[in-house]
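These notes concern the structure reproduced below.
The values are calculated or read from the model by the stated rules, or taken from the named source; none is laboratory data. Quick caveat: nothing in here was measured; it's all calculated off a predicted structure. Every residue, glycine as well, gets a Cβ built from its backbone with ideal geometry; the counts of neighbours run over all protein chains shown.
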Amino acid sequence: METITRFAPSPTGYIHIGNVRSAIYPYLLARQNKGKLILRIEDTDRARYVEGATELIMDTLEWLGINWNEGPIVGGPNGPYFQSERKDIYHAWARKLIESGRAYADPTSPEKLDEYRKECTAKKVPFLYRNYRPENLPEWKPGIPLRFKTEPKEYNWHDEVMGDMHTGPEVLDDIILIKKDGYPTYNFAHIIDDHEMGVTHLMRGAEYLSSTPNYLALYEALNIDHPKIITLPHILAPDGRKKLGKRDGAKSVTEYREDGILAETMFNYLACLGWNDGTEQEIYTKDELIKNFSTDRIQTSGARYDETKLLWMNGQWIRKIFDEQGVDALYERTVNFWPENAKDATDEYKQKVLSIIYDRLKTLSDLREMTAYFFSDPTVDVDMLIGNKFLKKLSESELESLLKTSIAKLSALQTWDANNLQQTLNVLLEETGKKPAELFSLIRIAISFAPFSPALHLTLDVLGRETSLARLNAAASAI
């Protein structure tokens, strides 16, 4: 049987990391088995629908390299792929349940439902609507909710992650199938859609585990088989105590993207957040993940979110892309991350800057702060010079003398390149008798006035003779 998986997000706002992981796992399983991934948009909650959210979902998937075989844009034999366009399909299945006596129109008002709930609270018993079924049932038509008529009993099922599961009849209830507005609930729509689209493996978060018995009852009443059930563990807050939420500092995938997290990093990190192949490996290409992925290696407990680990991994991927694919491949990803004063610089010059600084980057947005002095002269800050921890023992006259000595030596260079610059800097150390931390800190600050710069000889090489000497003279004059 062909493996068919699906990702079915709701267009209700930003796409967070939990959503994306719920797309990555079915993608990996489908690609590993040369099967199909279906993208389905669950847009029946019209009150929470957000304009543009669907486009954001698809753009995020495309950025991550998660391509779907059926769904919006690409089409397919099982459309429509927007639930809001499948109303007639759900209503047809609903009538089958009505005809078999397994669904009924529910005329109960919201106020009456509140009364029932308060009554149960007072009695300290769980609220189950099946204990309050109305006696005189109207004919079902749009404008009246439709409920499932459950037949409480025990259920046993196998979860590919959680193992063999069991529940008693006390959790079964008369869930709503069609809402007052005529749109189906998730509880009903996903069962119909998965069946009609031939989904073989159903992956979803652990929050749906408690609802599974009700879903099994629906499958049974509809006389259809359910897909293999694969429960994904929660992504937990950094403290490991609760499910990750916005209050825990987690940003949307769009925000991480805008902050300079690479698509390769996000895919790699989220794939390993709740799964591992039993090795110590942490950096995986997409092809490696497709090859190594298996549902039996998905962990049953929650996976703790760690942004520090994400940033570390992003630095690893930045270096990996540069080292394996070259500066051009990394440069393509940096287009929107250079400082404002770099807009007139040539691509060739920016690639030179990137080549000496890439191994210090944690995110691509670090380029804005770390490279500004490569594109315009920094403001001379004498206090930064004399207050530096390696230079504060030296007098201002010593600092000026060291700078002038350095200027004279560097000015005499016949060929201004990295190798000659390194040799000249080494000669300066011998002649001045200063420690590298003292001499090199002085020159580094004088040409950048920044808290960080790459290796000094490489920085001087990229800045060039004229700019470097001009900045050193400006610093000496200021002192």
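What to note about this one:
- Checking the stated criteria, Gly75 turns out not to satisfy the condition of being surrounded by fewer than 16 Cβ atoms within 10 Å (Cβ to Cβ), within 22 Å of Glu170 (Cα to Cα) and out of contact with any Ser or Thr (no Cβ under 7 Å at 6 or more places or on another chain).
- Considering residues of segment 1-54 that are hydroxyl-bearing (Ser, Thr, Tyr) and crowded, with 22+ Cβ neighbours inside 10 Å only, the residue nearest to Met197 (Cα to Cα): Thr5
- Exactly one residue out of Lys291, Lys320, Lys350 is assigned to a helix (DSSP H, G or I), in the same structural domain as Ser365 (by TED's automatic domain parsing) and modelled with pLDDT of 95 or more: that is Lys350.
- The single condition among (1) in contact with a strand residue (DSSP E or B) (Cβ under 8 Å, 6 or more places away or on another chain); (2) within 26 Å of Gly163 (Cα to Cα) that Pro238 does not satisfy is (2).
- Count of segment 353-390 residues, restricted to those that are more than 18 Å from Ala476 (Cβ to Cβ) and either assigned to a helix (DSSP H, G or I) or touching a strand residue (DSSP E or B) at 6+ places or on another chain (Cβ under 8 Å) (or both), is 15.
- Within the option set Val382, Val353, Val335, Val327, being without any contact (Cβ under 8 Å) to a residue 12 or more places away in the chain and among the aliphatic types (A, V, I, L, M) holds for one residue only, Val335.
- Taken over segment 395-451, the residue count meeting the criterion of being touching a residue at least 40 places away in the same chain (Cβ under 8 Å) and of a type in the set (Ser, Thr, Tyr) is 4.
- Conditions (1) assigned by TED's automatic domain parsing to the domain that holds Ala250; (2) touching a helix residue (DSSP H, G or I) at 6+ places or on another chain (Cβ under 9 Å); (3) not in a helix (DSSP H, G or I); number of the one not met by Thr334: (1)
- Some residue of segment 449-458 being more than 23 Å from Ser401 (Cβ to Cβ) and assigned to a helix (DSSP H, G or I): yes
- Selected residue (criterion: farthest from Thr265 (Cα to Cα)) from residues of segment 337-347 that are part of a loop (DSSP other than H, G, I, E, B) and of a type in the set (D, E, K, R): Asp344
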